[in-house]
Structures are given as C-alpha cells and as structure tokens.
1. Take region 7-26 and flag every residue that is open to solvent by less than 50 Å² (accessible area, probe 1.4 Å), assigned to a loop (DSSP other than H, G, I, E, B) and modelled with pLDDT under 85.
2. Of all residues in region 59-82, which are part of a loop (DSSP other than H, G, I, E, B) and among the polar types (S, T, N, Q)?
3. Among the residues of region 204-231, write down those that are open to solvent by less than 20 Å² (accessible area, probe 1.4 Å) and not in a loop (DSSP other than H, G, I, E, B).
4. Do we have any residue at all in region 83-102 that's part of a loop (DSSP other than H, G, I, E, B), in contact (Cβ under 8 Å) with a residue 60 or more places away in the chain, surrounded by 14 or more Cβ atoms within 10 Å (Cβ to Cβ) and out of contact with any strand residue (DSSP E or B) (no Cβ under 7 Å at 6 or more places or on another chain)?
5. Tell me the residue from Trp193, Trp140, Trp153 that is in a helix (DSSP H, G or I) and touching a residue at least 24 places away in the same chain (Cβ under 8 Å), please.
6. Scan region 49-58 and tell me whether some residue there is at pLDDT below 95, exposed (fewer than 12 other Cβ atoms within 10 Å of the Cβ) and in a helix (DSSP H, G or I).
7. For Asn171, all conditions in the list (1) open to solvent by less than 50 Å² (accessible area, probe 1.4 Å); (2) polar (S, T, N, Q); (3) part of a helix (DSSP H, G or I) hold save one; what is the number of the exception?
Amino acid sequence: MDWLSTPLVGQGEHHIALWAMWHARSMVLAWGFLLPLGALAARFFKVLPGQNWPTQVDHTGWWHVHRAFQWAGFGLMLLGLYLVDGHAAGQGLLAQMHAGFGWFVVALGTLQVAGGLTRGSKGGPTAEHIRGDHYDMTAWRRLFERLHKFLGWLALLAAISVIVVGLVLVNAPRWMALLLGVWWVALAFAFAWLQRAGRCIDTYQAIWGPDPAHPGNRRKPIGWGIRRPLG
C-alpha cells in the first residue's frame, strides 16, 4: 500500500490544485474510458451475437451506444478545457508538452464531432428517399469514413501519451498509473480478441445486408481488418 500511494516522481505526498484535479478527472474519464468504449462499440458490435443476420439487419444498438459515449466524452473534454483555462501559463517544459499534445488531441476530437455532424444522408430501401450518401457510398461518404476512422484511432492513441505526461506532471500516486495501465491493457486484449473473432463487420453489410444490388456492396469496405461475411 505504501508503494502504491507513493508519487511517481520521488517521495513525499501528492498535492494537486482543485482545478487540476477535476481537469484530470474529466479528461481521463473522457479519453481513458468513455471514448475508447464508444469506439469499440462502433467497430465490433454492428452485428450482435445471436442476431439473425442477414435476415435481421440494421441493429442500431451499437450506434446509440457509440453516439452516447462519444457525446458524453466530448462534453467532459469541454469541461476539462474550461477548468484548465487561465491556469496553464508560465509552466515548465513538461506542462508545455502536455498542453501542446493536449490541444492536438482536442483538435482531433473536435474534427470527429464536426465530421459526424456532416457525414451526409443515410438513404436506403427503408428510408423515405432511397438515394443517400451512405447508401450510394458517395465520394463525400467515402472521404468521411476514411478520415473518421483514421483520426478517431489516432486521437485515442495520442490521448494515452497526453494522460501519461499529465500523471507525471502532477506527480500522481503510482496506483493511478497502474490502474490506467491495467485498463488500457484490458482494452487492447479485448480489441485483439474481438478482431480475431471476426467481430469487425462492414457497416454497410450490417445495415443493408450482402445483396450485390445495394451499390455499396460493389465497393471494397473502407478501413483495415473489416470483414464481409457474405458477398
């Protein structure tokens, strides 16, 4: 217990200003927990275990979870920015690194939200208008998917480094770093297991099935490791 409660750098007690404490809590909850879980839901649960696919298509549970977690994470990120406003000036090199990489992650997160809001229309046989950016896989939709997937995973990986620097910056107790390390390893194992199990199913087929009459099925899926069970 003494070892776990010892600060990461040197000895003594861990002291942190109230604004910094809540800044760290909001950012870690957002980027360490909610946003990664939302990303996993979007990648691996478009077709649920036991779902009678392709007879039963367009199960929207993953979308609601993804949207709820990402919006909650984005809101916590904004809260973290508000809490740190006016407190970062005049700090040392480590603080400047944390702030610089932090703004990079914030920019990526903001681009993700902006991209999601402008992703285009859905369309498809069950929609009011069959023509749609997603159903037709227009150039705009293809660009959105490439950027959204790449920037999303890049932001999560970059956020880990920002959190680690933040832990060192505030000389956090070792148990915090250990807990986050165990959590991230668990997420990595879950990612690897779900990927190996073939759970990363193409969004287009998950929504509309494998029929080649659907225009998107005549294109390759966008992204790496995406599986099309049929077609």
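The values are calculated or read from the model by the stated rules, or taken from the named source; none is laboratory data. No experiment lies behind these values; they were computed from the predicted model shown. Don't worry about glycine lacking a Cβ; one is built from the backbone with ideal geometry, like all the others, and counts go over all protein chains shown. Each accessible area value is taken on the protein alone, full model and side chains, heavy atoms only, with ligands, DNA and RNA left out. Shrake-Rupley method; radii C 1.70, N 1.55, O 1.52, S 1.80 Å.
1. Result: Gly10, single match.
2. Thr60
3. Answer for region 204-231, where residues must be open to solvent by less than 20 Å² (accessible area, probe 1.4 Å) and not in a loop (DSSP other than H, G, I, E, B): Tyr204, Gln205, Ala206, Ile207, Gly216.
4. Step one: filter region 83-102 for residues part of a loop (DSSP other than H, G, I, E, B), giving 85-92.
Applying the additional criterion that residues be in contact (Cβ under 8 Å) with a residue 60 or more places away in the chain yields 87.
Now drop any that are not surrounded by 14 or more Cβ atoms within 10 Å (Cβ to Cβ), which leaves none.
For region 83-102, residues part of a loop (DSSP other than H, G, I, E, B), in contact (Cβ under 8 Å) with a residue 60 or more places away in the chain, surrounded by 14 or more Cβ atoms within 10 Å (Cβ to Cβ) and out of contact with any strand residue (DSSP E or B) (no Cβ under 7 Å at 6 or more places or on another chain): absent.
5. Working: Trp193 fails: touching a residue at least 24 places away in the same chain (Cβ under 8 Å); Trp140 fails: touching a residue at least 24 places away in the same chain (Cβ under 8 Å).
From the options Trp193, Trp140, Trp153, the qualifying one is Trp153.
6. Checked region 49-58: no residue is at pLDDT below 95, exposed (fewer than 12 other Cβ atoms within 10 Å of the Cβ) and in a helix (DSSP H, G or I).
7. Among (1) open to solvent by less than 50 Å² (accessible area, probe 1.4 Å); (2) polar (S, T, N, Q); (3) part of a helix (DSSP H, G or I), Asn171 violates only (3).
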